[in-house]
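Undergrad: Please find one structure pasted underneath; my questions will follow.
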Amino acid sequence: MSRKRKTKQKTSEKTNPYDQAFKFLAEDDPESLLILLGAIEPGEPVEIELLPREVGLSALFPDQPYLIRKGQEERIKHVEAQTEWPDNMPERMTEYALLLWLKNRNRPIDSYVLLLTPRGLPENPPQEGEIGIDDLRIVKRLRIIRLWEISAVEALASGREALLPFVPLMDGERAELEQGAMRVKQVRDEPRRNEMAKHFLMLGGLRYNRYELLELVGRTDMIPLEQLKRSDFYQYILDEGREEGREEGREEGREEGREEGLEAVADLFRLFAGYRFPGIQLGAEVEAVGDIKLLQQLCHELDQIPTPAALRQRLAELASARQTK
């Protein structure tokens, strides 16, 4: 199977972490994605070409269209990845199909919706989309792929590395989650391994408790702390701790809320400390620091602290400085 690669497309559009995880798979290994969707068969002699994502007219950007050549036949496979089902999905897919057809005449278009979670999906989702005005009607068939119905065991057995970040959302249990984490750790190329680990965490957070995920990757040493700190997942956890503090402050009153917020960030700090120093147990010494911003800053500095003893000393220094104020 041959595949034409193109330079990754740069656009001014904003992307969220889940889009980035999908685009990693879509651009890094389109063959694996198309096999996952059932769009092509394993070993099928086809040529895959990434098409430009901008489809003109309304400056819409489909997640990823491909041009598939098999012998003399050419077809376009268009894939949209969604964390949840939006009500306008059928109409949006039909509009994308129309615009892709206008740009790539005489090529049939197959439309796939890759759902990462069942959120918002109706019991009987529409299998077609329709757009039109007056007596003009355009109808497009949709192929809905439910990621949670795809076997994690089979994905792991396929040996396709680019699928590993999606294993947490597939049909599997904790054993497959841990096996996926270990497989990511075994990826030889370090930049690729770190990128896959960040996507594994972010996508895994759609299904699993984020704190449990962080504990898992810390235990398996899947990604170094300094790399984790640059990830969207790390910032998401920090923001989540801050938001918990703000919410509890609004609900419980200023002083009570401050204490609840401190407790939430203290729990977060212990989690990151356990990632940095597996097995370390930190108790009241964390709360003794008594300052949410200081604990958040320490989260960012953890990889610069050499030993558990040095961390305990730093905590003691901060607590002592607070008492002397």
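Undergrad: Would you work out which of PRO42, HIS300, LEU136 lies farthest towards the positive end of the dipole of the chain, given +1 charges on the beta-carbon of Lys and Arg and -1 on that of Asp and Glu, about the Cα centre?
TA: The listed residue farthest towards the positive side: PRO42.
Undergrad: What distance in nm lies between label points placed 7 Å from Cα along the C-beta direction at THR220 and GLU301?
TA: The modelled label-to-label distance comes out at 3.2 nm.
Undergrad: Per residue of the range 165-176, what does 6.51 cos²θ - 1.76 cosθ + 1.60 with θ = phi - 60° give for ³J(HN,Hα)? Whole Hz please, x for Gly and Pro, Karplus curve as stated.
TA: In residue order, the calculated couplings are x, 8, 4, x, 9, 8, 6, x, 10, 4, 4, 5 Hz.
Undergrad: Oh, and also: Near LEU216, within a Cβ-to-Cβ distance under 10 Å, what is the net charge of the other residues, with Lys and Arg +1 and Asp and Glu -1?
TA: Value of the local net charge: -1.
Undergrad: Moving to a separate point now. Using per-residue counts of other Cβ atoms within 10 Å, averaged over each peptide, order 209-216, 119-126 from highest down.
TA: For the peptides 209-216, 119-126, the packing ranking is 209-216, 119-126.
Undergrad: Same structure, new question: Can you check what the net charge comes to around GLN20, using other residues whose Cβ is under 10 Å from the Cβ of GLN20 (Lys, Arg +1; Asp, Glu -1)? List each step's numbers first, then the result.
TA: Details: positive: LYS23, LYS198; negative: ASP19, GLU195, ASP232.
Net local charge, GLN20 excluded: -1.
Undergrad: Sorting check: for 129-141, 149-161, which peptide has the highest mean count of neighbouring beta carbons within 10 Å, and how do the rest follow?
TA: Answer by packing, highest mean first, reads 149-161, 129-141.
Undergrad: Related question: Quick one: putting +1 on the C-beta of Lys and Arg, -1 on the C-beta of Asp and Glu, what dipole do you get for the chain around its Cα centre, in Debye to the nearest 20?
TA: In total the dipole reaches around 1340 debye.
Undergrad: Before rounding to the nearest 500, sum -39500 (n - 2.57) across all DSSP H runs of length at least 4 in the chain and divide by the residue total; then give [θ] at 222 nm in deg cm²/dmol. If you can, show how the numbers build up before the last one.
TA: Working: 13 runs with 157 residues, N = 325.
The per-residue figure over the chain is -15000 deg cm²/dmol.
Undergrad: Using the structure shown, list the pairs from LYS23/LYS77; LYS77/LYS140; LYS198/LYS293 with a Cα-Cα distance above 21 Å, or answer none.
TA: From LYS23/LYS77; LYS77/LYS140; LYS198/LYS293, over 21 Å: LYS198/LYS293.
Undergrad: Counting DSSP beta bridges with both partners in the chain, what percentage is antiparallel, nearest 5?
TA: 50
Undergrad: Quick check: net charge around ILE109, other residues with Cβ under 9 Å of its Cβ, Lys/Arg +1 and Asp/Glu -1?
TA: Working: positive: ARG75, LYS77, ARG107, LYS140; negative: ASP110.
Summing Lys/Arg as +1 and Asp/Glu as -1 gives +3.
Undergrad: Then there is this: Could you check what % of the DSSP bridge pairs in the range 2-149 are antiparallel, to the nearest 5?
TA: Looking only at bridges with both residues in the range 2-149, the antiparallel portion is about 55 percent.
Undergrad: A further question follows. Taking R0 as 45 Å, what's the FRET efficiency between GLU149 and GLN323 from their Cβ-Cβ distance, rounded to 0.05?
TA: For GLU149 and GLN323, the calculated efficiency is 0.20.
Undergrad: Using a Förster distance of 35 angstrom, determine the FRET efficiency expected from the C-beta separation of TYR211 and GLU41, and round it to 0.05.
TA: The value I calculate is 0.30.
Undergrad: Determine ³J(HN,Hα), in whole Hz, for all residues of the range 64-74 in sequence, where each value follows from phi through the Karplus function 6.51 cos²θ - 1.76 cosθ + 1.60 and θ = phi - 60°; x replaces Gly and Pro.
TA: Per-residue couplings from phi come out as 6, x, 10, 9, 10, 10, 9, x, 8, 8, 10 Hz.
Undergrad: So, in Å, what gap is there between the alpha-carbon centers of the range 71-110 and the range 181-209?
TA: A separation of 29 Å, based on Cα centres.
Undergrad: Still on this structure: Which far-off residues, 5 or more places away or on another chain, put their amide H under 5 Å from the one on LEU142, with H placed in the peptide plane?
TA: Answer set, sorted by chain and number: GLU128, GLY129.
Undergrad: What's the whole-number percent of alpha carbon pairs in the chain lying beyond 26 angstrom?
TA: When all Cα pairs of the chain are counted, 56 percent exceed 26 Å.
None of the figures in this text is laboratory data; all of them are computed from the coordinates on show. None of these values were measured; they are calculated from a predicted model. All Cβ positions, glycine included, derive from the backbone under ideal geometry; neighbour counts span all protein chains shown.
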